Amino acid sequence: MDIFRDLLEVLSRVKRKGQTAKLCPRCGSSKLKITSGLDAYPHMLGITPLRYLCKNCGYHGSIVMEIEEEKTD
């Protein structure tokens, strides 16, 4: 049962991500779209990464920059 206690301890330390803005790594634009419907579902299962297309510069790939948006109270 120690493994479950250790797992719970690790999970309690994980920072939960807030909303993030996705930006193109080439030009910094936020005008990204998922390239196909087939790419959208399997990433949930961890089979394939999402692929993005930048409408601004034409970048096509699965690496994007993510900036966590700050909460305003």
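A short reminder: the numbers here are calculations on the coordinates, not readings from a lab. Predicted model, so just to flag it, every value in this text is computed and none were measured. Glycine gets a Cβ as well: all are built from the backbone with ideal geometry, and neighbour counts include every protein chain shown.
Couple of notes before you dig in:
- Under the simplified labelling scheme, the Glu68-Ile34 pair shows an inter-label distance of 2.4 nm, with each label point 7 Å from Cα along Cα→Cβ.
- Spin-label model, Val10/Asn56: points 7 Å from Cα along the beta carbon direction are separated by 3.7 nm.
- For Ser29, the residues 5 or more places off, or on other chains, whose built amide H falls under 5 Å of its own are Cys24.
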